[in-house]
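Notes to accompany the following structure.
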Amino acid sequence: MSSSPSNEEVLALEDVSKSFGPVQALEGVDFKVRAGEVVALVGDNGAGKSTLVKVMSGIHHADSGRILFEGRPVTIARPNDAVGLGIATVHQDLALCDNLNVVANLFLGREEMDPGIGHVLRSLDETDMERRSHELLGSLAVTITDVRDEVGTMSGGQRQQVAIARSLLGEPKIVLLDEPTAALGVRQTAQVLALIKRLKEQGHGVVVISHNLADVFEVADRIFVLRLGRESGVYDADKVSQEDVVGAITGAKSGGNGAGGEE
Ligand SMILES: Nc1ncnc2c1ncn2[C@@H]1O[C@H](COP(=O)(O)OP(=O)(O)O)[C@@H](O)[C@H]1O
Ligand SMILES: [Mg+2]
């Protein structure tokens, strides 16, 4: 599969606003993700990044605006709606069970997702699950040596990889990652960035929130900057300097280089 993004917009938000009481967390935001594209979502603390991800993943409902999935208007009222459409989310807390091994974490709760998938998965025995775990992790080049190891004994990087792999079992088209490298050291960050590139190569659209602009420039095709709940710039990553992105984050500069996809 090609590693350059397609022109097909898988997910598009139009004029989305969301407030929490007096706090306007998002205001008139247009945001899109294409197949095979990595979009980095950056901005200062409180800029609205997590809120935007939560609107796409069905945790929050936008006050106004539209969401289109593969060109069709959709309602994402709860997390299951997002999962059903093919939008997977890895939240910052990962929601892994430390006392269970990798296989158990990958398949945990799967039977509740969708009757079709659930039926197939329920019929899997331990050997099948272990084989499928190896297949999945192998296809992602995940750096885990023993899928029978308890997740609680693993490094932050390995845990992040397990959580991302787990999100892929429903075969999503879009993967949303909220600060996947925030707690990681240099080597583990590199492993997670390699995994993000792998997701892109496999044709997934990826949205990644990150504070680290070096990480952002390493994996992103486009960089979307939020500031105080509004878009403050959208850039093709290969046509913008780190300095200009910082300017958009802090408000010293805004605009973008036409990478919003309005062609
Ligand atoms: N559940 C919530 N209730 C009230 N205010 C919230 C809630 N979630 C976020 N906010 C507020 O919305 C704004 C955006 O928050 P958030 O999306 O978490 O920003 P970021 O992820 O960019 O740091 C902040 O002012 C935050 O305090
Ligand atoms: Mg956040």
Among the residues of the stretch 132-175, which ones are closer than 17 Å to residue 196 by Cβ, polar (S, T, N, Q) and modelled with pLDDT under 85? 139, 143
Tell me, which residue of the stretch 26-45 that is open to solvent by 10 Å² or more (accessible area, probe 1.4 Å) and in contact (Cβ under 8 Å) with a residue 24 or more places away in the chain is farthest from ligand 1 (Cβ to nearest atom)? 35
Pick out the one residue from 124, 106 that is at pLDDT 80 or above and either more than 19 Å from residue 187 (Cα to Cα) or within 16 Å of ligand 2 (Cβ to nearest atom) (or both). 106
It is to be established whether one or more residues within the stretch 12-20 are more than 18 Å from the chain's Cα centre (by Cα), at pLDDT below 95, open to solvent by 10 Å² or more (accessible area, probe 1.4 Å) and polar (S, T, N, Q). no
Strands (runs of 3 or more DSSP E) enclosed by the stretch 1-107 - at least 2 residues per element that are over 30 Å from residue 151 (Cα atoms): 9-20, 23-34, 64-69, 72-74
Residue satisfying condition, being touching a helix residue (DSSP H, G or I) at 6+ places or on another chain (Cβ under 7 Å), closer than 30 Å to residue 17 by Cα, surrounded by fewer than 19 Cβ atoms within 10 Å (Cβ to Cβ) and at pLDDT below 90, within set 113, 129: 113
Specify which of the listed residues (23, 90, 29, 55) is within 16 Å of ligand 2 (Cβ to nearest atom) and in contact with a Ser or Thr (Cβ under 7 Å, 6 or more places away or on another chain). 90
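Report yes if residue 51 is over 16 Å from the mean Cα position of the chain (by Cα), modelled with pLDDT of 95 or more and polar (S, T, N, Q), otherwise no.
Details: over 16 Å from the mean Cα position of the chain (by Cα): no; modelled with pLDDT of 95 or more: yes; polar (S, T, N, Q): yes.
Spelling it out, it is not the case that residue 51 is over 16 Å from the mean Cα position of the chain (by Cα), modelled with pLDDT of 95 or more and polar (S, T, N, Q).
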Can you name the helices (runs of 4 or more DSSP H) wholly within the stretch 178-263 that have at least 2 residues being open to solvent by 10 Å² or more (accessible area, probe 1.4 Å) and under 25 Å from residue 155 (Cα atoms)? 186-201, 213-219
Checked 65, 46 against criteria (in contact with a helix residue (DSSP H, G or I) (Cβ under 9 Å, 6 or more places away or on another chain) and among the small types (Gly, Ala, Ser)); the one match is 65
Taking the stretch 46-81 and keeping residues over 23 Å from residue 203 (Cα atoms), more than 8 Å from ligand 1 (Cβ to nearest atom) and open to solvent by less than 70 Å² (accessible area, probe 1.4 Å) leaves 62, 64, 65, 77
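The values are calculated or read from the model by the stated rules, or taken from the named source; none is laboratory data. For clarity, every value in this text was computed on a predicted model and none was experimentally measured. All Cβ positions, glycine included, derive from the backbone under ideal geometry; neighbour counts span all protein chains shown. Each accessible area value is taken on the protein alone, full model and side chains, heavy atoms only, with ligands, DNA and RNA left out. Shrake-Rupley method; radii C 1.70, N 1.55, O 1.52, S 1.80 Å.
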